1. Just the number, please: percent antiparallel of the DSSP beta bridges in the chain, rounded to the nearest 5.
2. Which one, Gln45, Ala120, Leu30, is farthest towards the positive end of the dipole of the stretch 26-141 when Lys and Arg carry +1 and Asp and Glu -1 on their Cβ?
3. Given only helices, namely DSSP H runs of n ≥ 4 each adding -39500 (n - 2.57), what is the per-residue ellipticity at 222 nm of the chain, to the nearest 500 deg cm²/dmol?
4. Using a Cα-Cα cut-off of under 18 Å, which aspartates and glutamates could be cross-linked to Lys4, ignoring same-chain neighbours fewer than 8 residues away?
5. About the Cα centre of the chain, what is the dipole size in debye to 20, counting +1 per Lys and Arg Cβ and -1 per Asp and Glu Cβ, all else neutral?
6. Between Gln73 and Ser139, what FRET efficiency follows from the Cβ-Cβ distance if R0 is 45 Å, with the result rounded to 0.05?
7. Starting from the Cα-Cα distance between Lys43 and Ile132, subtract it from 0.36 nm times their residue separation and give me the gain in nm to one decimal.
8. Give the span of the chain's Cα atoms along each principal axis, as three whole-Å numbers ordered largest to smallest.
Amino acid sequence: NYKKVGEDCIKKYYERYRPFDQSQTIGLELAITTNVGLDSEYKLQGYIDRLTRTPDGIYEIHDYKTSQTLPLQGKMDEDRQLALYQTAIQEKFPEAKNIKLIWHYLVFDTEITSSRTSEALKKLKEKIASLISTVEATSVFEPHESELCSWCPYWDLCPAKKHLFDTEQVKKNNFEGLE
């Protein structure tokens, strides 16, 4: 099923954007960094799926999603990832005055766009620096179970999941070869 969904996504994307002359691709999986904090004490790194520039000089940060759910516009207008990428692009390309953030939800053949003001980016960087400071000052990290737990490889270290890991280890050690 995943292979079929993937093929459908590629076909729809191709049909929507061919002949692919809307913009010039500047980079794919482009590594970027940006600094946050009062004295730029924190450096963040990310990878932009695709960076383009349109003929009229608009820089576009593209992110490709295969999610089975389509988020609301308001959520994307608050998204931090591409907004932080925008700060890095503005540092790397001073001529990039107009930047568009674009998420391609491939399963839905849908594009969601957003943009950020200079003031919004400044506030975001301040908030990120504050979050980093809070994490650095914290010594106790309580577990918070979510749907992401099933993806986590650290159950052996997690107070909320360790018992499940220990049970699996006992089964493997005591019952191996008895089947």
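1. 75
2. Positive-most Cα among the choices belongs to Ala120.
3. Rounded to the nearest 500, the figure is -12000 deg cm²/dmol.
4. Glu15, Asp109
5. 400
6. Here the calculated transfer efficiency is 0.70.
7. 31.0 nm
8. Between the extreme Cα coordinates on each principal axis of the chain lie 68, 48, 27 Å.
Computed from the coordinates by the stated procedures, all read-outs in this text should not be read as laboratory data. In this text, all values refer to a predicted model and were calculated from it rather than measured experimentally. FYI the Cβ positions are ideal-geometry reconstructions off the backbone, even for glycines, and counts take in every protein chain you see.
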